[in-house]
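Below you'll find the structure, written out as structure tokens, and then a few comments.
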């Protein structure tokens, strides 16, 4: 970030804060404004001067508020933090436009590589076969409503326009800012009802409609000049899990999947049709004034448009025919919706047909009028059709391996093949599955009765087969198997796909959807290379992958962290990635990693660019998929300009990670050191979380986990089973709860003990930090988490635990480890305070704390009242507003 960023940010925040204050004063009166302002000033003074200058002022003022006043206060500070985020995003927009010399763009990456003697032809070769895909998921931690995201976009647009020397225009844009902020002030920040899966589908599609459909073609167009003469394929695409991820979500059904595709198709086709219509208005070229190719003339002659007004306008006639054919396809693809066209035409049966017709127009324009037509609306539309087709986003299917085993067992039993499949040893399971996959006999019978689970899973598979037939092979390509621990977990998926014709047992066997493992726990990650070696040794699997030449493996950051600590998770993922490259290479295949990252450091968060650069050598090679979820999706993609920057940054990271030269001479030695740290961190973390008696009781009492479960932020349950255990809890509420309590435990716990127990010389760890991007990135993410944590506020949350002895003992361990970790990190990085070497980020975080901390104090007080029996709608609203505000302030809270 440029050093001027905090100055710019403070000025913009003050400007928007002044408008919010004026709105509050105008709508609610001076007294309400004064009440809020007094608490704000007290909190700012506390952070500026320290607790000794009146540390009780904020808490005492908060304690004096009535319940309605407390709710209004929480709403006001949450609004202010939303506005702060808008200001930060607007400046980030400006950075993107003024980013000359940045390395996190494709142009910047190519400059860096050129300095190392790697030319553009190498980049072009890499991208010719690359796969880069952010994948939108519905995992809940985004507390903002879509209404607020829409207002944020409107405010950013008004801020952009406000930056003008024309005083009259500035005044008009400031009035627009007042209007938009007044709307936010009177907008309910909390959702009134829990999100359903259809809501999540709508939210996911909104990012495509707002950003991806327009910005992704622009990203490609912007790269044209970097590699002259190279026609880049559409290697950068957007995926989705929303409507296909059933793991732990009972609400994702066959009908939901059909709805997801119909809604996605409507967004894609609406966009394509609008662009075709605009092109028809633009391309008024007359045949009497310009030559046409035979192909264009033939396309125009096939058009149903016989108007004499357009008789000599072949491009318009051709586009009328294109529009009519796409409009004819619209009802079948979108589930019955219609688009009006005055002409009846045969529908397109695939996006390739549409693209071919559009390419006829493009080829004619370039051949007759030159390269000036290589840019513009038509090539952008062709790129959009190539990227989004009729399906918009490739939808992954996902389900837990235990469900597949039960369904396969029932199908085999009812068909009379095996009485008790689940009782078989692994080797016998695999033998049976391979045998069943070698012939065409189906197991499922329409005349048999099946359990609800099996019937539901079979219905989803049928919906998947329909989607592939209707939308094409890009509709669904991967079936993610959660909790993969064995080869049979993957073979079971092909057995189920065979039942609906998506796996074909011909010789050689073929499949339209590939089974892909997700390794999540520390143990499963460590076993992953051996599991994949056994899997890839099967002749059947080799035959399936022969044409593809690549095996994708998903690795999970969230559960591995919850299982074994941030440091151990990070190192295990690093080691496993390297070992998986070797395992796939030995099978004559390449590896494509799918990184299951979340927003927080405790779930793999932090800078995507730095994270990709820190990947082990040989693990990227132009192929990567990464989950984007929760509040991170909005932060990166809700605004079109920020979306374009994010996609560019992702590509730049992949190119640099794939092609830059690395010094690996010290890798083994550094790995030994990291291994020792990881082992010690694992022991310390497990000792606290899984071996300390009463720890689960402490967690459920000392964090707002129960209150978070009541938030209307997602359709998925917070726990995998109805129990108060850490094992049964999902990783997202686990991380979200610790963030709200300002402990941030999943992002750092165990590191201090690891450094202390390993007994390594400080200069040795300092060398790792200087010379190893993996280690420096790991510590940078941890440092950011520690800077957002507040051990004093965390102590107040611990007071919510009724068992005072338990509270004191466990908080004592957490506090001591926080001190050890902070001291170790400062020693390694050579700093005297956290973020000393990153003053811009430090300033940004410090500027938010006076607004976050009071919300924490209010949240604690209201939680205490609720748990004491005052469980009223007003108390719950106050708690949830405080959660909303803290999440907005921390930004990467879930």
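The values are calculated or read from the model by the stated rules, or taken from the named source; none is laboratory data. Note that the coordinates shown come from a computational prediction; the quantities given were computed from them, not determined experimentally. Backbone-built Cβ (ideal geometry, glycine too); neighbour counts: all protein chains shown.
Computed values, structure above
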read-out	value
Within the stretch 643-726, helices (runs of 4 or more DSSP H) holding 3 or more residues that are farther than 30 Å from residue 216 by Cα and at pLDDT below 95	667-689, 705-709
Residues satisfying the stated conditions in the stretch 460-503, i.e. at positive phi and touching a strand residue (DSSP E or B) at 6+ places or on another chain (Cβ under 7 Å)	483
Residue 229 vs. criteria part of a helix (DSSP H, G or I), over 25 Å from the mean Cα position of the chain (by Cα), surrounded by fewer than 20 Cβ atoms within 10 Å (Cβ to Cβ) and not assigned by TED's automatic domain parsing to the domain that holds residue 374	no
Which listed residue is out of contact with any strand residue (DSSP E or B) (no Cβ under 8 Å at 6 or more places or on another chain), closer than 22 Å to residue 91 by Cα and crowded, with 20+ Cβ neighbours inside 10 Å, from 201, 155	155
Flag for residue 494 being buried (at least 24 other Cβ atoms within 10 Å of the Cβ), touching a residue at least 24 places away in the same chain (Cβ under 8 Å) and under 21 Å from the mean Cα position of the chain (by Cα)	no
Conditions (1) over 25 Å from residue 885 (Cβ atoms); (2) at pLDDT below 95; (3) touching a strand residue (DSSP E or B) at 6+ places or on another chain (Cβ under 9 Å); number of the one not met by residue 207	(1)
Residue match in the stretch 767-784 (condition: in a loop (DSSP other than H, G, I, E, B) and more than 16 Å from residue 674 (Cβ to Cβ))	no
Number of the exception - residue 595 against (1) part of a helix (DSSP H, G or I); (2) touching a strand residue (DSSP E or B) at 6+ places or on another chain (Cβ under 6 Å); (3) closer than 30 Å to residue 818 by Cα	(1)
Within the stretch 322-339, tally of residues that are under 17 Å from residue 307 (Cβ atoms) and either free of Cβ contacts under 8 Å to residues at least 24 places away in the same chain or surrounded by fewer than 17 Cβ atoms within 10 Å (Cβ to Cβ) (or both)	1
Test: residue 543 is at negative phi and out of contact with any helix residue (DSSP H, G or I) (no Cβ under 6 Å at 6 or more places or on another chain)	yes
Test: residue 540 is in contact with a strand residue (DSSP E or B) (Cβ under 6 Å, 6 or more places away or on another chain), part of a helix (DSSP H, G or I) and assigned by TED's automatic domain parsing to the domain that holds residue 433	no
Checklist (1) at pLDDT 90 or above; (2) crowded, with 24+ Cβ neighbours inside 10 Å; (3) out of contact with any helix residue (DSSP H, G or I) (no Cβ under 7 Å at 6 or more places or on another chain) applied to residue 566, failing item	(3)
Residues located in the stretch 286-307, provided they are without any contact (Cβ under 8 Å) to a residue 60 or more places away in the chain and either buried (at least 16 other Cβ atoms within 10 Å of the Cβ) or assigned to a loop (DSSP other than H, G, I, E, B) (or both)	286, 287, 288, 289, 297, 300, 302, 303, 304, 305, 306, 307
Checklist (1) at pLDDT 95 or above; (2) in a helix (DSSP H, G or I); (3) surrounded by fewer than 22 Cβ atoms within 10 Å (Cβ to Cβ) applied to residue 753, failing item	(3)
From the options 107, 172, residue that is part of a helix (DSSP H, G or I) and in the same structural domain as residue 22 (by TED's automatic domain parsing)	172
Answer from 89, 34 - the residue that is modelled with pLDDT of 90 or more and part of a helix (DSSP H, G or I)	34
The stretch 50-86, residues that are modelled with pLDDT under 80 and part of a helix (DSSP H, G or I)	51, 52, 53, 57
Conditions (1) in the same structural domain as residue 43 (by TED's automatic domain parsing); (2) crowded, with 16+ Cβ neighbours inside 10 Å; (3) part of a helix (DSSP H, G or I): number failed by residue 824	(1)
Test: residue 653 is buried (at least 24 other Cβ atoms within 10 Å of the Cβ) and either over 30 Å from residue 583 (Cα atoms) or in the same structural domain as residue 550 (by TED's automatic domain parsing) (or both)	no
Among (1) in contact with a helix residue (DSSP H, G or I) (Cβ under 9 Å, 6 or more places away or on another chain); (2) closer than 25 Å to residue 465 by Cα; (3) crowded, with 18+ Cβ neighbours inside 10 Å - the single one residue 418 does not satisfy	(2)
Residues of the stretch 126-169 satisfying the condition of being under 30 Å from residue 245 (Cβ atoms) and assigned to a helix (DSSP H, G or I)	127, 146, 147, 148, 149, 150, 151, 152, 153
Filter result for residue 123 (surrounded by 20 or more Cβ atoms within 10 Å (Cβ to Cβ) and either outside any helix (DSSP H, G or I) or at positive phi (or both))	no
Per-region count, the stretch 509-525, residues in contact with a strand residue (DSSP E or B) (Cβ under 9 Å, 6 or more places away or on another chain), farther than 16 Å from residue 492 by Cβ and touching a residue at least 40 places away in the same chain (Cβ under 8 Å)	6
Which listed residue is more than 30 Å from the chain's Cα centre (by Cα) and either assigned to a helix (DSSP H, G or I) or closer than 17 Å to residue 233 by Cα (or both), from 357, 386, 352	357
